[in-house]
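S.K.: Attaching a single structure in structure tokens format; questions to follow.
Read the figures in this text as sums done on the coordinates, not as results from a lab. These numbers were taken from a predicted model, which means no experiment stands behind them. When we count neighbours, we look across all protein chains shown, and the Cβ atoms used for this are built from the backbone with ideal geometry, even at glycine.
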Amino acid sequence: MAKKIKCAFCSGSGMDPYDLLSPLSHCLVCSGTGHVEVEEPMKKCAFCGGTGRNPLGARVACIVCGGQGMNHCESGLICNQCKGTGKSSDGLPCTRCKGAGYK
Ligand SMILES: [Zn+2]
Ligand SMILES: [Zn+2]
Ligand SMILES: [Zn+2]
């Protein structure tokens, strides 16, 4: 079942948080609605800490959750490879959980 949550990338404003195209451009993650739908059960994205923003510095949406700030995860068990951080030692998404932090 999909649940409607506030878009993390734009904090629910529906506007592009980085003004990449213009200050009036819509958020690419939620198409300007301010909400996104994520399949339940869901957990906060470990890779971006739930911000929906790419922690690697680029002004783009998180590559793990796609900017939604949450990831669908079936078991909810912490990934034992990255210990729930979602990151590998090189700073890239954990290869096991793909950055979600959970199995
Ligand atoms: Zn948005
Ligand atoms: Zn994320
Ligand atoms: Zn992991």
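S.K.: Is there a residue in the range 68-81 that is away from ligand 1 (no atom under 16 Å from the Cβ), free of Cβ contacts under 8 Å to residues at least 24 places away in the same chain and more than 16 Å from the chain's Cα centre (by Cα)?
M.R.: Yes, that holds for at least one residue.
S.K.: Can I ask one more? If I filter the range 82-91 down to residues being assigned to a loop (DSSP other than H, G, I, E, B) and touching a residue at least 12 places away in the same chain (Cβ under 8 Å), which single residue comes out as nearest to ligand 2 (Cβ to nearest atom)?
M.R.: Filtering the range 82-91 for residues that are assigned to a loop (DSSP other than H, G, I, E, B) and touching a residue at least 12 places away in the same chain (Cβ under 8 Å), the one nearest to ligand 2 (Cβ to nearest atom) comes out as Gly86.
S.K.: Among the residues of the range 36-52 satisfying the criterion of being surrounded by 17 or more Cβ atoms within 10 Å (Cβ to Cβ) and within 16 Å of ligand 1 (Cβ to nearest atom), which is farthest from Lys103 (Cα to Cα)?
M.R.: That would be Val36.
S.K.: Pick out the one residue from Phe9, Phe47 that is within 14 Å of ligand 2 (Cβ to nearest atom), part of a loop (DSSP other than H, G, I, E, B), touching a residue at least 60 places away in the same chain (Cβ under 8 Å) and in contact with a Gly (Cβ under 6 Å, 6 or more places away or on another chain).
M.R.: Phe9
S.K.: Just to verify a result, which residue in the range 53-94, among those that are small (Gly, Ala, Ser) and surrounded by fewer than 16 Cβ atoms within 10 Å (Cβ to Cβ), is nearest to ligand 3 (Cβ to nearest atom)?
M.R.: In this case the residue turns out to be Ser88.
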